[in-house]
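Beneath this line is the structure, given in structure tokens, with notes to follow.
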Amino acid sequence: MPPGSSAYSDKIKEYLTRLIEANKIEIIKKLTPMDDCFMRVLFKERSPICKYLLRAITGIKDLEIVMWETQSDMKALYGSHSLIFDILAQDSKGVFYNIEFQNGGSKTILDRAIYHEALLISNKALKENEEFSNLRRCITIFLMPNDIFDGKKQLYEFTLAEKNNRLYESDKVSIIFINSKNKGNKELDDLMHD
């Protein structure tokens, strides 16, 4: 088969196709739910998986999901930074959840989570002309491979509280970080280490 011939070109194409397919398989083998592309496929149109995840995180055994979507576009005001939430869900009690899968972490991850929570609140917590007393609870959850706070805990939860004496604390705002490095809760251990 001389170079440049049709048969030679077909053999090269066949070889390259096999090589590309082999690389795809190796890439797929390395994927975990923490990877955006795998997460999109895993959670898209699969409410039982979303429900299981939120039940494990919240500890609410009878939690029911009434709405969820992957890659939800959260618009900010003109000139502000918009976001795409990995998973946006709402339970039967009206609580909104933003679930983010993060492969890495930096010192700005808390700032990022605060901004995610702010957009969740501004887009979902109140409908137009609704009274503030109807403010819905919003929870932003970051699932991460590492303990970015080095506190040797599996779950860190941040809420809105008065700084010194904790005279007032609101459960309407929560930011939760869960890492797979540390263990603690059996359901979370199984979820984060699979």
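Things to note:
- Put simply, the amide H of residue 100, placed in the peptide plane, has neighbours under 5 Å in 141, 142, 143, leaving out anything fewer than 5 places away on its chain.
- Its alpha carbons give region 107-177 an Rg and a Dmax of 13.8, 44 Å.
- Residues in region 100-158 average 58 Å² of solvent-accessible surface per residue, probe 1.4 Å, ligands and nucleic acids excluded.
- Separation of the residue 129 and residue 52 label points, Cα + 7 Å toward Cβ, nm: 4.4
- By accessible area with a 1.4 Å probe, ligands and nucleic acids excluded, highest first: order of 171, 86: 171, 86
- Extension gain, residue 167 back to residue 181 (0.36 nm per residue minus Cα-Cα distance, nm): 1.7 nm
- Along each principal axis, Cα extent of region 71-194, largest first, Å: 44, 37, 31
- Computed E for residue 62/residue 112 - FRET, C-beta separation, R0 30 angstrom, nearest 0.05: 0.45
- Heavy-atom surface analysis with a 1.4 Å probe gives region 112-185 a carbon and sulfur content of 49 percent of its accessible area.
- Normalised Debye scattering of region 68-119 at q = 0.12, 0.13 Å⁻¹ gives log10 I(q)/I(0) of -0.29, -0.35, counting only Cα atoms as equal scatterers and leaving out solvent.
- Theoretical gain in end-to-end length, residue 69 to residue 157 [0.36 nm per residue, Cα-Cα removed]: 29.3 nm
- Flagged links, alpha-carbon separation over 18 Å, of 153/186; 51/181; 153/183; 93/127; 93/124: 51/181
The values are calculated or read from the model by the stated rules, or taken from the named source; none is laboratory data. Bear in mind the structure is a predicted one, so any value in this text is a computation, not a measurement. Every residue, glycine as well, gets a Cβ built from its backbone with ideal geometry; the counts of neighbours run over all protein chains shown. To get the accessible areas, we keep the full protein, side chains included, count just its heavy atoms, and leave off ligands, DNA and RNA. Shrake-Rupley method; radii C 1.70, N 1.55, O 1.52, S 1.80 Å.
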